[in-house]
Each structure stands twice: as structure tokens, then as C-alpha cells.
1. Relative to a virtual label point 7 Å from the Cα of GLU229 in the Cα→beta-carbon direction, which members of region 99-139 show backbone nitrogen distances below 20 Å?
2. Return the lysines within reach of LYS342: Cα separation strictly under 23 angstrom, same-chain partners fewer than 8 residues apart disregarded; answer none if there are no such residues.
3. Over the chain, calculate the relative contact order: mean separation of alpha carbon pairs under 8 Å at least 6 apart, over the residue count, as a percent.
4. Per-residue ellipticity at 222 nm for the chain, helices alone: DSSP H runs ≥ 4 residues times -39500 (n - 2.57), over residue total, nearest 500 deg cm²/dmol?
5. Which aspartates and glutamates have a Cα less than 14 Å from the Cα of LYS150, not counting those fewer than 8 places away in the same chain?
6. If each residue of separation counts as 0.36 nm, what is the full-extension length gain between GLU32 and ARG218 once their alpha-carbon separation is subtracted?
7. Around SER227, which amide H atoms from residues at least 5 apart in sequence, or from another chain, sit under 5 Å from its own amide H, with H modelled in the peptide plane?
8. Where both partners of a DSSP beta bridge lie in the chain, what percent of those bridges are antiparallel, to the nearest 5?
Amino acid sequence: MTLKEIAKLAGVSISTVSRVINHSNSKVASKEVQDAIWKIVRESNYVPNSTARNLKLGNTTDYVQIPTKTIGCIFARSSNIINDPFFSQIARAIEQEAFRQGYIMKYSFSAYDINDSNTFHLISNNQVNGIAVLGRFDSSLLSFIKKQYKHVVYTGLNKIDTDYDQVICDGYQASIAAVNYLFKLGHTQIGYVGEKNKEIRYQGYCDALEELGLPLTRDNIVITPLSSEGGYTGVKDYLRKERTVTALFCANDLTAIGAMKAIKEHGLTIPSDISIISIDDIDTAQYVSPMLTTVRVPMEELGKMTAKILIDRIENGKNLSMKVELPFSIAVRESCITIKDKQNNYKKTNEKAGNYNGK
């Protein structure tokens with residue numbers, strides 16, 4: 001398989017294929033194009049040798065070698081890995097970094113599929129040199145991992161109590177930062193939308209309110225699955241009741257996007273009626289209206305570091321477990337407003353409607 005053949009199968013130019021598989025920048029092509037190219041790379045077991053990698057971009061003179069080193073990915077928290085933009089981006093970064101070091105990602109699957117006979121057959125008959133586990137896992141998955149794999153690296157937002165290497169961005173601290181950001185804008189009635197059981201983002205929300213001396217009101221906590229549908233149905237039900245919040249903290253962007261849809265359908269505006277902040281900073285966050293303010297998790301860097309550590313363990317062995325923590329930041333956009341601006345907007349709206357009495 002050559003670059004030219006991959007380009008033909010993907011329906012793109014040779015230079016596009018070369019940019020995707022030889023560059024670390026995820027913006028070199030659309031997500032759909034990148035996914036199509038990497039799918040062909042996996043299925044054809046294409047890995048260029050060092051001579052080919054040193055050629056100029058777009059040169060079709062590849063030298064093909066059959067790879068002997070492979071890795072895999074387990075999506076521990078995702079039942080549908082295709083529709084998980086957060087961990088899918090991390091997995092893509094893992095695959096690209098591994099590829100540059102002469103490895104291919106042989107397979108990826110959801111932890112929910114382990115009991116499926118076809119998935120188990122795939123795992124049993126396609127041994128890999130190491131595995132990346134995306135998202136926190138339970139005891140049953142841990143038992144499975146220990147039996148099947150020697151080299152394991154975990155990545156996600158939660159610290160885990162195992163001797164595996166970990167690459168994390170602290171979701172607990174990110175949640176505290178999100179609540180503090182809303183508080184700095186003047187919000188004191190802050191609700192939560194997301195999961196609760198064993199969820200550090202919920203714990204971060206609760207602890208942040210306590211530290212700030214703000215009320216933790218059970219009626220303002222919407223327990224719902226972390227998905228756009230979960231955010232939509234949860235907030236839709238919540239808005240049918242009397243609400244007191246001026247802002248909502250959603251545990252991830254997908255949940256926030258669903259919540260935004262419910263708020264708009266209820267006849268409210270964002271951020272004038274309700275401000276929203278979340279965690280992840282998936283690509284869609286900056287394309288919704290209003291653009292979503294969110295805590296940015298460095299997904300590409302998480303993936304690259306995971307691949308580097310995993311490959312180092314495969315090639316050099318392991319002495320002490322490593323824990324690498326990458327920083328988060330707040331991507332300030334349009335979905336949050338200060339209480340002062342909220343009041344001013346309310347005043348202007350009522351003045352325009354002739355309802356403001358000057359008080």
C-alpha cells in the first residue's frame with residue numbers, strides 16, 4: 001500500500017494523506033477525512049519506513065514494511081465510541097503519535113462490548129504490544145485488563161488507584177475552576193447538570209460551593225447521563241419547576257449542548273437568563289450559538305503523552321509507575337455573563353417593552 005493508493009481509496013489528494021499521517025496538527029484536514037484515512041491505514045497495516053518518512057511531503061515513492069508492533073484502545077466509559085467526541089479525539093492523537101513511532105493501532109473497542117463474542121474473538125486473535133485505557137474503569141474491566149495486557153497506560157479526568165501509568169487532566173480541579181469562574185461573574189445560585197455517582201466533577205461542584213459559602217440546593221441539581229440527550233431531557237424537566245439558578249455548570253460539553261437546546265425551547269435566552277459553563281472544549285463547543293464557555297482539556301496532548309509513555313514501556317520496560325498531570329484552562333466565549341450585565345439586559349428589555357418602573 002502506498003500513499004497514492006490510500007489517497008485513491010479515501011478520495012483525497014496524496015498531499016492530504018501525507019499531511020494527515022506525518023503532521024501532529026489536527027487541523028490539516030476535516031475530522032471525517034482524517035478518520036477515513038486512518039481507517040485505511042489500520043486495515044492495510046500501512047507503516048512507512050524511515051526512508052519514506054524522510055521524503056518530501058507528497059512524494060509517492062513509499063517503501064512499505066509490515067509492522068510488528070501494535071497497540072489498542074479501550075473506551076472504558078463510552079458505549080458508542082463513534083459518538084464520543086472527547087475520547088475519540090484523544091484516541092486519534094494516540095494513533096497518530098504511535099504511527100510516527102512505527103506502531104499501528106490494531107483495534108479499539110468499548111468496555112461495554114467485552115462480553116460480545118465477536119469482540120472477545122478479535123482481542124484473543126489479535127494480540128497487541130500495549131493498550132491505552134480511556135476513561136475510568138470498574139473492577140471487572142480491571143480484571144480483564146490484567147489478564148489480557150502486559151503494558152497499560154490510563155488517561156482521563158480521574159486519578160485511579162492502580163499501579164498503571166496515568167496521564168490525566170484533573171476533572172475535580174477543573175470543576176472547581178468552573179464554579180469559581182461563575183462566582184467571579186457574580187453568580188451565587190449555581191446549578192449542576194450531569195452524573196453524580198462516583199463522579200469527581202459533581203464532587204468538585206459541591207466542594208467549590210462549600211468553599212465559597214454558597215448554598216447547595218438539591219432542587220438545582222439535575223442528575224442525568226453525560227450526553228446531549230441527557231442534558232436536554234434533564235434540563236427540560238428541571239425548567240418545568242420553579243428555578244432559582246442564574247447559572248448552570250454542566251459536567252461536559254455534550255451535556256451542556258443538550259441543556260442549551262432545552263433552555264431555548266423553554267423561551268429563555270443564554271446567557272441573559274441562564275449562563276452555562278462546562279468541561280472538555282470539544283470542537284462543537286465553538287460552533288453552537290451562543291458559543292460555549294468551557295474548561296479546555298488538552299485532548300491532543302493527553303493522547304500524545306499516553307502514546308509516548310505506552311511505547312516507552314513496551315520498548316524499555318517499567319520500574320516505577322508514572323503519573324503525568326496536564327493543565328486545563330478556561331475557554332471564555334459567549335455563554336456566560338456577569339450578574340451586573342444580566343440585570344442591565346433585563347432593565348433594557350423591560351424598558352423597551354414599557355414595563356420598567358425605574359426601581
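1. Under cut-off, by backbone N: 110-114.
2. LYS184, LYS236, LYS241, LYS261, LYS264, LYS352, LYS359
3. Reported relative contact order: 15 percent.
4. After summing the helix terms and dividing by residue count, I get -13500 deg cm²/dmol.
5. Excluding near neighbours in sequence, the set is ASP163, ASP165, ASP312, GLU315.
6. 62.8 nm
7. THR255
8. 10 percent
Bear in mind these aren't lab numbers, they're just calculated from the coordinates by the rules spelled out. Computed from a prediction, not measured in an experiment: that's the story for all the values here. As a convention, Cβ positions derive from the backbone with ideal geometry for all residues, glycine included, and neighbour counts pool all protein chains shown.
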